Amino acid sequence: MALRASPHLYTQTDTEHFDAVVAGGGIVGTACASELVRAGLRVALIEPSVIGGGATAAGMGHLAVMDDSEAQFALTRYSQLLWKELAFRLSPDAEYFPCGALWVAADDREMAEVERKQGFYQAREVPAKTLDRRALEAAEPNLREGLSGGLLLPDDAVVYPPCAARFLAEEAIASGMQLIEGRSVTELSDTAVQLDDGTSIASALTIVATGIMAARLTPGLRIQPRKGHLAITDRYPAFLGHQLIELGYLKSAHSLDSDSVAFNAQPRRTGQILIGSSRQYGTHSPDVEPHMLEAMLRRAVEYMPALADFRVIRCWTGFRAATPDKLPLIGPCPGFRNVFLATGHEGLGISTSLATARLLADLILGRASVIPLDPYLPEREFALHA
Amino acid sequence: MPDMVNIVVNGQPVSVPSGTTVAVALLIGGVTHFRTSVAGEPRSPVCGMGTCFECRLTIDGLPHSRSCQIQCAEAMEVVTS
């Protein structure tokens, strides 16, 4: 699974000067490198471990459109359409699966929220269909009885994130990108980055796409690790047709301080079922915590009782890079002239990676952007506590 | 003569002494191809004690049931894959 790095290993004898260095080979970093390489820049990508091995490998890979704010909507929708384009050339192991998503309403109050969301999406020309109780039962017969309905978002899809990141990296390598694997960036300036082996790499600009580690390189960033658990089952083909999310998920995603779980189930192309989700602040331990795993699986069984008899074959955790205002940080890093941030994507890093990279490349290359970058500029975050 | 229990394996009736595990019932009946791996290879029980997962069958509609850990029950439906 690990990217074979030897042909691309950077050695100290290289004296190249790069147009851009990207720190962090997750989905965001590889997408940024891919955009810049495609524009003809000489790019080096620096990944301390393996491509797509951090939060990218831990995430669900739900390519979602979201409506918490206009800015979040714009970024998720734009990125979802970029994923649709990329899907045509993505490698099969990236398992792009246009299964659609179903937000599940448990009661009348949540059904009112379904109606509101449907109106929001309809007004913005995003396909969205309200399902009543019967239509929900027909769409997902393994959901428990007595649910009120749901919202079907047919353009949502899923992907296997680490293989998507590897695909983007390999494609960029084939176009001349230099991959520096096994090294991390310890310091940066407007003209060079320092690696942990003491090497200095000259570069006209640097993109920091190191997720929760970004604050180490650019002090002042308020990025908090927000831990999540996931579990995956053995293969039960046709049990589940759509990415399912309970409407209550938003309560979990929005709560700022308490630990929470929400039902989230995803069909994989293999027939496996990926089960989430949990959110915790204040912990840096990657250990699976039995009480969180239990609460998460109990929640899943409440929505899909038959899951109780299914075999979970693996569970793991990861850390989302959470910002105080729930929007990512994309753009120039205050305090530098040539350092750019691409981090803080919380639970939407896979979804919004491609739009993040496109917007950043537009800014760097002086191209016009399809959506405004302003809501994601990092200066908002620095201004708050300057 | 021990008590006998009757199960159905791929639609065929099989009768074994009560207390027999499903895995053993199949082996008594000459079935060795329990399941088919993802790569398309035939699989049979290896460990007999619930750790190797090679003996998985669909038992009473539940896929991935470890047949070496489940005793035959009257009218149990077993399907190999």
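Could you put A:84, A:227, A:251 in order, starting from the residue whose Cβ has the fewest other Cβ atoms within 10 Å?
On the way: A:84 15, A:227 24, A:251 11.
Least crowded to most crowded, the residues run A:251, A:84, A:227.
Helix content alone sets the calculated 222 nm mean residue ellipticity of chain A: runs of n ≥ 4 DSSP H residues at -39500 (n - 2.57) each, divided across all residues, give -9000 deg cm²/dmol.
Other residues within the sphere of radius under 11 Å centred on the Cβ of residue B:8, judged by their own Cβ, net out at -3 (K and R +1, D and E -1). In angstrom, the C-alpha Rg and Dmax of region A:237-386 are 18.6, 56.
Backbone amide hydrogens, once placed in the peptide plane, bring residue A:330 within less than 5 Å of A:377, excluding anything fewer than 5 places away on its chain.
Out of A:277, A:175, A:351, any idea which swings most in a Gaussian network model of chain A, alpha carbons joined below 10 Å? It is A:175. Near the amide H of residue A:205, under 5 Å away, which other amide H atoms are found, from residues 5 or more places off or on another chain, if H is placed in the peptide plane? Result for residue A:205 returns A:20, A:21.
Report the FRET efficiency, 1/(1 + (r/R0)^6), for residue A:145 and residue B:18, where r is their Cβ-Cβ distance and R0 is 35 Å, rounded to 0.05. Don't jump to the answer; show the numbers that get you there.
Working: r = 36 Å, r/R0 = 1.04.
About 0.45, to the nearest 0.05.
Principal-axis analysis of the Cα atoms of chain A puts helix A:108-123 at an angle of about 50° to the longest axis. Secondary-structure-derived ellipticity at 222 nm for chain B, considering helices only, amounts to -2000 deg cm²/dmol, per-run term -39500 (n - 2.57) for DSSP H runs with n ≥ 4. Relative to the longest principal axis of the Cα atoms of chain A, the long axis of helix A:349-365 makes an angle of roughly 30 degrees. For a modelled paramagnetic label at residue A:337, 7 Å from Cα along Cα-to-Cβ, the residues of region A:200-240 in reach, with backbone nitrogen under 19 Å, are A:201-208.
Spatially, region A:34-61 and region A:130-181 are offset by 20 Å when compared through their Cα centroids. Placing a pseudo-label 7 Å from each Cα along the Cα-to-Cβ vector at residue A:122 and residue A:287 gives an inter-label distance of 5.1 nm. With each label modelled as a point 7 angstrom along the Cα→C-beta vector, the residue A:93-residue A:325 pair spans 4.0 nm.
Set the Förster radius R0 to 41 Å, insert the Cβ-Cβ distance between residue B:51 and residue A:258 as r into 1/(1 + (r/R0)^6), and round the FRET efficiency to 0.05. Please report the intermediate quantities before stating the final value.
On the way: r = 39 Å, r/R0 = 0.94.
Plugging the Cβ-Cβ distance into 1/(1 + (r/R0)^6) gives 0.60.
Loop-located trypsin sites (Lys or Arg not before Pro) across region A:106-139 with a Cβ neighbour count of 16 or fewer within 10 Å are A:124, with loop assigned by DSSP. Highest mobility in the GNM of chain A, judged by mean-square fluctuation with C-alpha springs under 10 Å and restricted to A:185, A:370, A:65, is found for A:370.
Out of all Cα-Cα pairs in region A:33-190, roughly what percent, to the nearest whole number, are more than 27 Å apart?
Looking at region A:33-190, the distances longer than 27 Å represent 40 percent of pairs.
Net charge near residue A:130, counting Lys/Arg +1 and Asp/Glu -1 over other residues with Cβ under 14 Å of its Cβ? Working shown, then result.
Working: positive: A:116, A:117, A:129, A:133, A:134; negative: A:108, A:110, A:113, A:115, A:132.
Taking every other residue near residue A:130 into account, the sum is 0.
Each Cα pair under 8 Å and six or more residues apart adds its sequence gap; the mean of these over the residue count of chain B is a relative contact order of 36 percent. When A:263, A:18 are arranged by Cβ crowding within 10 Å, least crowded first, meaning fewest neighbours, the order is A:18, A:263. Annotation: region A:126-196 has a Kirkwood hydrodynamic radius of 17.1 angstrom, from the mean reciprocal C-alpha pair distance. Couplings 3J(HN,Hα) for region A:187-202, derived from phi with the Karplus relation 6.51 cos²θ - 1.76 cosθ + 1.60 (θ = phi - 60°), are 7, 9, 9, 6, 10, 7, 10, 9, 9, 5, 9, x, 5, 10, 10, 6 Hz, where x marks Gly and Pro. The average projected area of the protein assembly as shown, computed from the convex hull of its Cα atoms over all directions, is 25.1 nm². Please give the helix A:290-303 orientation as an angle from the longest Cα principal axis of chain A, in degrees from 0 to 90, rounded to the nearest 10. Taking the Cα atoms of chain A, the angle to A:290-303 is about 50 degrees.
Find out how many positive minus negative residues lie around residue A:317, taking Lys and Arg as positive, Asp and Glu as negative, among other residues whose Cβ is under 10 Å from that of residue A:317.
Numbers: positive: A:227; negative: A:287, A:289.
Once all neighbours under 10 Å are counted, the net charge is -1.
Cβ crowding within 10 Å, taken as a proxy for footprinting-reagent exposure, orders A:317, A:218 from fewest neighbours to most as A:317, A:218. Within chain A, the longest segment free of exposed loop sites, counting GluC sites (Glu not before Pro) that fall outside DSSP classes H, G, I, E and B and have at most 14 other Cβ atoms within 10 Å, spans A:146-386. Hey, which of these cross-link pairs are over 22 Å Cα-Cα: A:117/A:251; A:129/A:227; A:84/A:227; A:84/A:326; A:227/A:326? Check vs 22 Å cut-off fails for A:129/A:227; A:84/A:227; A:84/A:326. Projecting the alpha carbon convex hull of region B:4-79 along each direction and taking the average yields 4.5 nm². Within the listed set A:180, A:371, A:273, the Gaussian network model of chain A (springs between alpha-carbon atoms below 10 Å) gives the highest mean-square fluctuation for A:371.
Bear in mind these aren't lab numbers, they're just calculated from the coordinates by the rules spelled out. Computed from a prediction, not measured in an experiment: that's the story for all the values here. Ideal geometry is used to build each Cβ from the backbone, glycine not excepted, and the neighbour counts take in all protein chains shown.
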